[in-house]
Structure formats: structure tokens, C-alpha cells
1. Is it true that ALA14 is at pLDDT 90 or above, surrounded by 15 or more Cβ atoms within 10 Å (Cβ to Cβ) and either outside any helix (DSSP H, G or I) or touching a strand residue (DSSP E or B) at 6+ places or on another chain (Cβ under 7 Å) (or both)?
2. Can you confirm whether ALA61 is surrounded by 13 or more Cβ atoms within 10 Å (Cβ to Cβ), closer than 15 Å to LEU15 by Cβ, within 16 Å of the ligand (Cβ to nearest atom) and of a type in the set (A, V, I, L, M)?
3. Being surrounded by 14 or more Cβ atoms within 10 Å (Cβ to Cβ) and more than 8 Å from the ligand (Cβ to nearest atom) is the filter here; which residues of segment 70-86 pass it?
4. List every residue pair whose Cβ atoms sit under 6 Å apart, with the two residues 6 or more apart in sequence or on different chains, where the first one lies in segment 9-22 and is farther than 13 Å from GLU49 by Cβ and the second, anywhere, is in a helix (DSSP H, G or I).
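The values are calculated or read from the model by the stated rules, or taken from the named source; none is laboratory data. Here the structure is a predicted model, which means the values were calculated and not measured. Methodologically, a virtual Cβ is constructed for each residue, glycine included, from the backbone with ideal geometry; neighbour enumeration extends over all protein chains shown.
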Amino acid sequence: MLRLTRAPNIAIAALWADALQQGGFSASVQRYFLGGLAGELPPDQCLPEVWLTHAHEEQDARELLHHLQNMPQRRWLCACGETVEGGFEACWQCGRPMAA
Ligand SMILES: [Zn+2]
């Protein structure tokens, strides 16, 4: 197992892990289970992380991740009131797709 990166929140971690899995990597999100304990632990202990099962995939996985993290910046307001930034096409708060 190898830690690839730390994500700012669980929605982004899941999005990155999904994209990596679709790219054929052995990615998974760790620390899901600490979500319910947030507030009782130091904040940096609660952030979700994206891990690779197979460490030899690291270089290619980091390349894909770099693309994911550097998507064209976009900012839109979801119907639920959440401002979504960073190139996401679905609201990380409620899951609604971006309005056309
Ligand atoms: Zn929303």
C-alpha cells in the first residue's frame, strides 16, 4: 500500500479514487471510517486519503492525479446553494449535476 495523496474532503477523495480506478489503478479511499469522529481528532487526522494497493503504479497514478487536480477552473452555483469550484461537474454537497 502506498499513500498517493490527501484530499480536502471525502467527496473529492472519492472522485479522485473513482477516476484512478477507471484508469486501471488500484486506488482506494482510506479513513472513510473516521468521518463520524470528526471533532474528536486533530483535523489533519480526519482528512481522507487516496491510496494505491500496488506501489509500482505510483508514477502513472500521480500523472493522472495531476491532471485531475489541474482541471480548468470553473465556478458555479448549485441549486442547493453550494458554490462548486475546481472543475467538478457535480455538486459535492448534494450530487446534482452542473446545470447546462
Ligand atoms: Zn448542490
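1. yes
2. no
3. If the condition is that a residue be surrounded by 14 or more Cβ atoms within 10 Å (Cβ to Cβ) and more than 8 Å from the ligand (Cβ to nearest atom), then GLY86 is the only one that fits.
4. Qualifying pairs under 6 Å: ALA19/LEU68.
Yes/no per residue for (1) within 12 Å of the chain's Cα centre (by Cα); (2) at pLDDT 85 or above; (3) in a loop (DSSP other than H, G, I, E, B):
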site: VAL29; (1), (2), (3): yes, yes, no
site: PHE33; (1), (2), (3): no, no, no
site: TRP51; (1), (2), (3): yes, yes, no
site: GLU58; (1), (2), (3): no, yes, no
site: GLU63; (1), (2), (3): no, yes, no
site: PRO72; (1), (2), (3): no, no, yes
site: ALA79; (1), (2), (3): no, yes, yes
